[in-house]
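Worksheet for the structure shown next.
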Amino acid sequence: MPKKSTSTRHQPPPKSFEESLERLETIVHQLEQGNLGLSESLGCYEEGVKHLKHCYHALEAAERKIELLAGFDADGNPVTEDFDETELSLDEKAAARSRRRSRPRNSQNNSEDDRSDTLF
């Protein structure tokens with residue numbers, strides 16, 4: 001069976017998120033067509049994983065640059081602070097979001113003594 005010229009191996013690393021995403025989409029399309037042999041498919045898959053990781057890291061870096069909304073001042077204007085990229089890992093951020101979402105909204109205003117209306 002003659003090999004097809006897919007040029008999936010030994011390509012230079014992508015320079016931008018967009019280039020990597022475009023290449024990843026091409027690889028996915030090639031794999032979905034099912035016209036590649038096993039070794040070519042594995043090579044495409046490996047390259048696709050590299051591009052996926054590159055995209056993931058680029059998005060993570062962009063997320064780190066976003067300013068966090070810290071609250072509002074007395075006049076109702078938003079107060080922002082720089083996003084500290086070394087502050088938390090993705091897992092730690094997810095856990096913190098989960099804790100914030102599951103926390104009752106009025107728990108900040110109530111102390112332990114003020115919770116006489118709850119069972120526990």
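Every number here is computed from the coordinates shown, using simple stated rules; none is lab data. None of the values given here were measured: they were computed from a predicted structure. No Cβ is skipped: glycine too gets one built from the backbone with ideal geometry, and neighbour counts run over all protein chains shown.
A few notes on this one:
- Which of T26, T80 has the fewest Cβ neighbours within 10 Å, and the rest in rising order: T80, T26
- Derived scalar couplings between HN and Hα for the stretch 52-65 equal 4, 5, 4, 4, 4, 5, 5, 5, 4, 5, 5, 4, 5, 7 Hz in order, rounded to whole Hz, by the Karplus curve 6.51 cos²θ - 1.76 cosθ + 1.60 (θ = phi - 60°), x for Gly and Pro.
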